[in-house]
Each structure stands twice: as structure tokens, then as C-alpha cells.
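This report refers to the structure that appears directly beneath it.
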Amino acid sequence: MLIQCGFDIEFDVPEPATMLTLLRVHPSLRQQLHQPDTLLVTGGETRDEFVNEFGNLASRVTAGFGPLHLSTRFVAEVSGEPDAVNWNAWQHPVEALPAETLLYLLPSRYCEVDLMTPIAWDLFGHLPLGWPKVQGILNWVHEKVLFGYRFARPTKTALDTFNERTGVCRDFQHLAITFCRCLNIPARYASGYLGDIGIPPPPPSPMDFSAWFEVYLDDRWWTCDARHNQPRIGRILMSTGRDAVDAAITTTFGSSTLKDFVIITDEIPA
């Protein structure tokens, strides 16, 4: 399956600033691109690109003042199959986990593992280890939390989402990630493109990139999505990290105001 992807994002920058972006496709998927997802910059310049500490392809952009426009267009090839599900995927004891996964058991900016461990064990401690426990978490978060763009705020944490029972896609994932970590299942935040492929047309809503998360079971990372709670087709990963801090699409060192935000992710007919 081929998917046309891209974005047009415009900021107003009142004074010179530097912006760190995670807008490129993840390095692990480079061979699936039929053309480079080059970051085009108008009103500034790309100073350098590098793979950061979480394995994401980052770009450092400098801007003067006035409008800053970021865009790209590319075609990606994906399997056309929905996210993999394996009810037999087993859970490693902590002492047997690969060292690089241990980071994803710890508290982070939006995931208060230390505060929520008693809650997680009370809700999910009785479930079988492995995929059934993860699925129990997905079901609970999907059913208990109400989605709505009006519920978004940049400081909202997993504990806030648990208490308020509202949020946007990243809040669903932060809560599920935190529950997994509390139960000794490594879990990391992920973001990227996710079009409405293979599902009934949804009601009109603001365009956006999507957040999901990954859990480490049975010697590999598996895709999970507490907001949608169903396997989806056509995810294209951009970044992973401990939480949304590590996978923010833009981080500005200076002042900027978002003016326009258009995302494209459409299946190309065979």
C-alpha cells in the first residue's frame, strides 16, 4: 500500500529563534520511502540534522522574524496490514529485560509511575501477565477517558487524566504507558502519521499527527493505541521517547505562534 504524506506548518516568529523539530520519518522506516521526506523551510534555514538519543531524526531550524513555513511531501510504502496482535506475547521478568528497555519502566515528565503504582496494581494486578494485561489496560483507558480537543493542555499528566477522565490522544497514551510501567512492562511514547484508512469515515475534526505507544513483550516492541483501541492500518512512525517531551514535533527556543497546520496522509489508489 502506498500513502501520500506531508504537512504544511506555519509559525509567526517575532524575533530570531531556533526550533528543534522531529518532523522526519523515523530512521527505521527510511527504506519504505519512495522519495525523501526532505524538510522544506521558508523564512529560515535548516542548520543541521542528527539522530538524537532516542533514535529519532531531528532537525535544527533557525528563523529570523516573520512567517516561518515548514513543509514536506513524500510517498511511503506500508504493508497494508493492521497493527499486529499476539495474545501469547509473554512478559519478561525485570531481571531478564534488555538493559536498553529499563528506561521505559521509570517515571518521566508526564508519566508519574511512582504516584500511580498502587492504582495500577489495584486495577490490573489480577490480570494474566503479558498481552492480556496490556489489553486490559487498553480497554480500561479507552472506556473510562472521554476524548475531546477542548480537554487539551500542555501540562496535563497521566495522573491528571486519571482524575479528570478526559483528554486528547497523547493523554490516553500517557495514562496507558504509566499503567504498563507500574506493572513492570516497558512502554514508550510514539508519534507519527495515522490516516483514516480501513475504517468508516470519521466526523470532521482538526487534522493532526497522532500519538500511540509501544510495549516490550516477547523480545520485541508492539504497537498499542489506547485512544482507538483497535488495530489500525497505515501508521508511519516519526519518533519515540519516554513521553511527549521526547517526541514533540517542534520545540522553540524563543517566541513563536502557530498560524497554520495541515497534515496529509492519504492512501494512493492501486
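The criterion of being touching a Gly at 6+ places or on another chain (Cβ under 9 Å), surrounded by fewer than 16 Cβ atoms within 10 Å (Cβ to Cβ) and polar (S, T, N, Q) holds for ASN88. Consider segment 74-128 and keep the residues that are among the hydroxyl-bearing types (Ser, Thr, Tyr) and within 20 Å of TYR189 (Cβ to Cβ). The one that is farthest from the chain's Cα centre (by Cα) is THR117. The strands (runs of 3 or more DSSP E) falling completely within segment 175-270 that include 3 or more residues that are within 23 Å of GLY148 (Cα to Cα) map to 187-193, 210-217, 257-268.
Rundown of residues vs (1) in the same structural domain as LEU103 (by TED's automatic domain parsing); (2) over 17 Å from the mean Cα position of the chain (by Cα); (3) without any contact (Cβ under 8 Å) to a residue 40 or more places away in the chain, yes/no style:
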residue: PHE151; (1), (2), (3): yes, yes, yes
residue: PRO154; (1), (2), (3): yes, no, yes
residue: CYS169; (1), (2), (3): yes, no, no
residue: ILE177; (1), (2), (3): yes, no, no
residue: CYS182; (1), (2), (3): yes, yes, no
residue: ILE185; (1), (2), (3): yes, yes, no
residue: PHE213; (1), (2), (3): yes, no, no
residue: CYS224; (1), (2), (3): yes, no, no
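The residues of segment 60-85 that are polar (S, T, N, Q) and within 17 Å of ILE236 (Cβ to Cβ), listed by number, are SER71, THR72, SER79. Against the definition (of a type outside the set (S, T, N, Q) and either outside the structural domain of ALA63 (by TED's automatic domain parsing) or at pLDDT 95 or above (or both)), how does GLY192 come out, yes or no? Answer is yes for this residue.
Have a look at ARG227, ARG220 and point out the one that is touching a helix residue (DSSP H, G or I) at 6+ places or on another chain (Cβ under 7 Å) and at pLDDT 95 or above.
So the residue among ARG227, ARG220 that is touching a helix residue (DSSP H, G or I) at 6+ places or on another chain (Cβ under 7 Å) and at pLDDT 95 or above is ARG227.
Residues in segment 12-68 that are touching a His at 6+ places or on another chain (Cβ under 7 Å) and assigned to a loop (DSSP other than H, G, I, E, B) were compared, and the one that is nearest to ILE249 (Cα to Cα) is ASN56. Hey, among the residues in segment 248-270 that are surrounded by 17 or more Cβ atoms within 10 Å (Cβ to Cβ) and farther than 19 Å from PHE11 by Cβ, which one's nearest to the chain's Cα centre (by Cα)? My answer is THR265. Of all the residues in segment 106-126, those that are touching a helix residue (DSSP H, G or I) at 6+ places or on another chain (Cβ under 6 Å) and not in a helix (DSSP H, G or I) number 4. In the set (1) out of contact with any helix residue (DSSP H, G or I) (no Cβ under 9 Å at 6 or more places or on another chain); (2) closer than 17 Å to VAL215 by Cα; (3) assigned to a helix (DSSP H, G or I), ALA84 fails one condition alone, (3).
The values are calculated or read from the model by the stated rules, or taken from the named source; none is laboratory data. Everything quoted here is computed from the prediction, not taken from an experiment. Ideal geometry is used to build each Cβ from the backbone, glycine not excepted, and the neighbour counts take in all protein chains shown.
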